[in-house]
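One structure is given below, encoded as structure tokens.
The values are calculated or read from the model by the stated rules, or taken from the named source; none is laboratory data. Small disclaimer: the values here were computed from a predicted structure and weren't measured. Cβ atoms come from the backbone with ideal geometry, glycine included; neighbour counts cover every protein chain shown. Surface areas here come from the heavy atoms of the whole protein model, side chains and all, with no ligands, DNA or RNA. Shrake-Rupley method; radii C 1.70, N 1.55, O 1.52, S 1.80 Å.
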Amino acid sequence: MNGGEDRIGLKHGAGGRAMRALIEEVCLRGLAGSAAAGGIGLAAMDDGAAIQVGDRWLVVTTDSHVVQPIFFPGGDIGRLAVSGTVNDLAVMGATEVTALTCSLIIEEGFSRTDLERVYASLRAASEEAGAPIVTGDTKVMGRGEIDGLVLNTAGVAFCSRPVPDAGLAPGDALIVTGTIGDHGMAILAARHALSLDGDLSSDVAPINGLVRAALDAGGDGITAMKDPTRGGLSSALHEMAAKSRVGVIVEEAAVPVRPEVRAAADLLGIDPLVMACEGKAILGVRPGAAEAVLTALRAHPLGRVAARIGRCTDRHPGAVVLDTGYGRRILAEPEGEPLPRIC
Amino acid sequence: MCLGVPGKVVAIDGNCATVDFWGVRRQVLLDVVDEPVAVGDYVLNHVGYAIRRIPESEIGETLALFEELLAQDGSGDLMAADVRAEIAGTGAGPDDQS
Amino acid sequence: MTSPDPHAAFRELKFRDPVRARAMIEALGRLTAAIGRSPVSLMHVCGSHEQAIAKYGLRAVLPSALKVIMGPGCPVCVTDTREVDEGVALARQGVHIATYGDMLRVPGTVMSLADAQADGAKVHIVYSAGQAVELARRLDAPLVFFATGFETTAVATAAIVLQGLPANLSILSAHKYIPPAMDLVAATPGLAVEGFLAAGHAATITGWGVFEPFAARHRLPVVVAGFEPLDILAGLVKLLELVRNGTPEVANMYPRCVTRAGNLRAQEALWEVFEPATGRWRGIADVAGGNLALREKYAGADARRRYVIDVEPLARHGSRALAESCLCGSIMAGIKSPTDCPLFGAACTPEHPVGACMVSSEGTCKIWHQYGGYPDLGGVA
């Protein structure tokens with residue numbers, strides 16, 4: 001069977017339940033010793049790890065990027081590679097990036113011009129984020145042994161207070177920094193098979209500056225953060241709710257979605273809530289700090305349509321309930337994704 | 001399989017129409033639509049074919065149908081007074097989801 | 001209320017006003033109370049209706065005495081195991097297969113098309129019949145379009161056949177025709193269903209007139225409904241009115257798409273290419289006139305004529321033990337619900353489905369699972 005017990009299937013990389021199960025059963029097993037007490041280590045399966053060094057925290061993260069197509073409306077694999085890692089650090093609370101690494105595995109026959117284009121993107125994104133790329137690696141594999149180009153980036157940054165994705169408490173407001181589903185839809189639309197024509201661009205961007213603005217305004221009032229990549233808002237909320245052991249209620253009408261994304265989603269029968277974002281964050285915020293955080297986000301060019309989309313409750317811990325405006329339903333976690341690779 | 005989704009015809013080339021679905025466009029074939037279609041018409045699309053030309057007058061008529069449904073029923077007004085007032089107060093436009 | 005502003009008129013096509021929705025839900029409460037029975041069961045026969053009901057979270061706010069049940073409305077779910085085996089056998093014989101995405105993971109006797117694909121067979125997902133034609137033109141090899149779906153979707157298949165298929169393309173028809181199945185379900189002894197909600201897009205093609213003999217024969221009201229939140233709620237309100245008044249008539253609550261006669265041009269295309277045939281509906285048994293088979297005139301386009309499809313190596317394996325506990329048949333007939341099935345959410349999930357209801361995006365089990373398995377939020381919120 002596809003992706004059965006003894007074979008890894010595409011769903012294991014899709015960011016949903018299957019991937020988490022694989023990580024828990026295979027990757028975590030035997031990898032003892034996470035960070036020192038109080039740190040955020042492998043077992044937390046957070047966006048990164050936080051290790052205490054003196055009176056500061058060293059935050060470390062790594063990501064591999066396998067997106068197809070490599071160039072898509074709104075960005076490319078280079079921009080994605082930098083943004084993905086910078087954003088993982090940012091939502092851990094580490095917005096001043098000390099350094100990035102960047103490794104490439106290139107398929108034999110890959111176009112040199114395309115490679116130069118990807119590098120130009122990497123450099124531009126790195127400058128935009130203030131995140132220098134200090135070291136890397138380059139390998140070439142034979143034609144057909146790898147699909148085009150695979151990028152891996154790792155990032156390190158210091159911060160004074162790491163923000164986990166497990167810190168939500170009942171009563172906390174949930175704020176999203178902008179429109180959701182843009183990246184996922186852009187990638188889908190870029191695939192010839194769907195023949196969709198519209199302004200569907202990825203939102204891929206480093207948001208460390210935006211998160212900095214929120215942290216400056218909200219301080220300790222920001223209890224949890226996550227960036228909703230694969231599996232979209234739905235996956236991210238599920239993880240946060242499960243790890244924090246709170247219930248979440250989302251008001252569907254309050255979730256910002258671009259009209260083009262909603263139209264494409266309607267046409268394809270896909271829920272924007274499960275589509276990836278690559279330039280957004282979800283914040284859990286104490287009620288008293290929510291207004292200040294929203295104001296700070298909206299003052300930033302990348303946060304203009306930031307919105308409060310829901311709240312945490314002590315009822316139904318781990319479950320995410322969606323108020324549709326007509327009724328209510330459970331927002332189920334996406335499982336394996338039959339859709340093309342999107343990040 | 002995709003739902004039947006309504007959209008607006010923005011261009012026609014032979015039996016192929018470009019249809020705008022609120023911001024994304026797609027090609028839709030006109031081979032089996034029930035009436036001749038012109039630019040500006042609304043059509044219902046199902047797996048790449050237009051299966052109905054939706055007369056614009058039907059939009060208003062459908063809303064009227066809904067009103068009638070809620071207003072009558074033999075046993076009196078089904079719509080609570082506060083809801084009726086709300087509709088009257090807002091000018092009765094459906095919600096803008098964007 | 002057509003407004004001079006084209007964008008406003010455009011938006012109104014979406015019929016999603018929450019205020020009117022609330023009024024309709026309240027109306028449902030009043031009507032259910034007026035009827036007095038509990039439960040009052042209504043049946044719909046359309047996966048897209050179930051999707052919409054689940055997506056908008058309607059069951060959580062419907063009156064508790066009102067039960068809206070899904071009948072055999074998932075065309076992929078009712079595609080017989082043998083038909084899936086035909087597709088799989090062809091794929092394993094080396095023929096390229098094009099199919100709608102849903103069909104990919106439906107289990108056959110031994111394996112699904114996805115399993116065959118993992119073993120090296122060439123299976124392509126298409127989003128329209130036209131795409132199957134484009135694919136055939138690009139491929140320098142024989143291609144079979146494994147065509148599933150009800151009459152609405154069969155129209156598209158008919159259209160490409162009438163256009164003239166590329167020489168390397170043929171059709172494996174697993175299309176189904178819904179009215180005979182409604183008849184079968186309505187005739188089930190002991191059926192507690194008091195009214196039917198008919199599928200708005202199938203009716204766009206066939207017209208609502210086809211339900212008049214059905215309503216008369218079974219003395220049951222039928223309401224044709226669309227798929228926006230207001231369409232579904234209005235359809236349910238009208239149906240409850242008819243139930244309360246005891247009038248077994250047909251009402252059309254989707255007049256912007258459905259007329260009494262339907263889309264004659266589409267019907268012409270459909271019946272020119274297809275004829276009704278008796279076929280096995282998975283889990284339900286034989287439905288007279290429930291399958292759509294290519295007419296003799298179009299035998300040249302028929303994959304079953306062009307190829308010798310050997311399903312015996314697959315069929316010989318017999319059903320898997322788990323499959324015997326599968327309740328898809330009863331679920332599709334509306335007698336049981338997914339939560340009645342011991343396999344639901346445990347041995348049978350979208351990742352490892354046992355029955356077709358868990359595979360197709362229009363399958364009851366898949367929809368319930370996708371929306372958390374608690375359509376009325378019972379026990380959760």
> So what does C:Ser41 come to for accessible area, using a 1.4 Å probe and Å² rounded to 10?
Replying inline: 10
> What aspartates and glutamates sit close enough to C:Lys297 to cross-link, taking a C-alpha to C-alpha distance under 19 Å and skipping anything fewer than 8 places away on the same chain?
Replying inline: C:Glu268, C:Glu272, C:Glu275
> Which value, in square angstrom to the nearest 100, describes the accessible area buried between chains B and C on both sides, using a 1.4 angstrom probe?
Replying inline: 5100
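With +1 on each Lys and Arg Cβ and -1 on each Asp and Glu Cβ, and nothing else charged, work out how big the dipole of region C:37-187 is about its Cα centre, in Debye to the nearest 20.
On the way: 11 positive and 12 negative charges, 88 e Å.
So the magnitude is around 420 debye.
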> Counting Lys and Arg as +1 and Asp and Glu as -1, each charge on the Cβ, what is the dipole of region A:132-272 about the Cα centre in debye, to the nearest 20?
Replying inline: 400
>> How many Å² of accessible surface get buried when A and C come together, counting both sides, probe radius 1.4 Å, rounded to the nearest 100?
In response: 2400
> What residues does region B:12-26 have that are buried by at least 50 Å² of accessible area in the full protein assembly compared to the chain on its own, 1.4 angstrom probe?
Replying inline: B:Trp22, B:Val24, B:Arg25, B:Arg26
>> Of A:Met92, A:Ala189, A:Ser121, which is farthest towards the positive pole of chain A's charge dipole, taken about the Cα centre with +1 and -1 on the beta-carbons of Lys, Arg and Asp, Glu respectively?
In response: A:Met92
> In the structure shown, do any of C:Lys176/C:Lys366; C:Lys55/C:Lys366; C:Lys55/C:Lys336; B:Lys8/C:Lys176 have a Cα-Cα gap over 24 Å, and if so which?
Replying inline: B:Lys8/C:Lys176
>> Along the charge dipole of the protein assembly as shown, pointing to its positive end and built from +1/-1 on Cβ of Lys, Arg, Asp and Glu, which listed residue (B:Val39, C:Thr339, C:Gly94) has its Cα farthest out?
In response: C:Thr339
> Under Stokes-Einstein, with the Kirkwood radius over Cα pairs standing in for Rh, what whole-number D in µm²/s applies to region C:320-371 at 20 °C and 1.002 mPa s?
Replying inline: 205
> Within the accessible area of chain C, what % is carbon and sulfur when the probe is 1.4 Å and the other protein chains stay in place?
Replying inline: 52
>> Just to be sure I understand the model, the point goes 7 Å from the Cα along the line to the Cβ. What's the resulting A:Glu128 to C:Ala299 distance in nm?
In response: 6.3
>> About the Cα centre, and with charges only on the beta carbon of Lys, Arg (+1) and Asp, Glu (-1), how big is the dipole of the protein assembly as shown? Nearest 20 debye, please.
In response: 840
> To the nearest µm²/s, what D does Stokes-Einstein give for the protein assembly as shown at 4 °C and 1.567 mPa s, using the Kirkwood radius over alpha carbon pairs as Rh?
Replying inline: 46
> What total accessible surface area, summed over both chains, is buried at the interface between chains B and A, computed with a 1.4 Å probe and given in Å² to the nearest 100?
Replying inline: 1200
> Which order do C:Glu26, A:Glu96 take when ranked by solvent-accessible area (1.4 Å probe, heavy atoms of all protein chains), largest first?
Replying inline: A:Glu96, C:Glu26
>> For C:Lys238, give me every one of the lysines with a C-alpha distance below 17 angstrom, ignoring sequence neighbours fewer than eight places off in its own chain.
In response: C:Lys67
> Among C:Leu58, A:Leu115, what's the order by accessible area (1.4 angstrom probe), most exposed first?
Replying inline: A:Leu115, C:Leu58
> Can you give the Rg and Dmax of chain C based on its C-alpha atoms, in angstrom?
Replying inline: 21.0, 65
> If packing is taken as the mean number of other Cβ atoms within 10 Å per residue, what is the order of B:54-65, A:224-235, highest first?
Replying inline: A:224-235, B:54-65
> In square angstrom, what is the accessible area per residue of the protein assembly as shown with a 1.4 angstrom probe?
Replying inline: 37
> Under 22 Å from the Cα of A:Lys139, which lysines turn up, not counting those fewer than eight places away in the same chain?
Replying inline: none
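Can you give the average number of partner chain beta-carbon atoms within 10 Å of each beta-carbon in peptide A:294-306, as a whole number?
Mean inter-chain Cβ contacts per residue within 10 Å come to 0.
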> Say the dipole of chain C comes from +1 at the beta carbon of Lys and Arg and -1 at that of Asp and Glu; which of C:Asn245, C:Pro180, C:Ile53 then lies farthest toward its positive end?
Replying inline: C:Asn245
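Under Stokes-Einstein, with the Kirkwood radius over Cα pairs standing in for Rh, what whole-number D in µm²/s applies to region A:31-159 at 20 °C and 1.002 mPa s?
139
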>> As a test, work out the antiparallel percent of DSSP beta bridges whose residues both lie in the protein assembly as shown, rounded to the nearest 5.
In response: 60
> How large, in percent, is the carbon and sulfur part of the accessible surface of region A:109-245 at a probe radius of 1.4 Å?
Replying inline: 49
> Can you pull the mean other chain C-beta count within 10 Å for peptide C:117-123?
Replying inline: 1
> Just how much of A:Lys139 is accessible, in Å², when a 1.4 Å probe is used and the result is rounded to the nearest 10?
Replying inline: 110
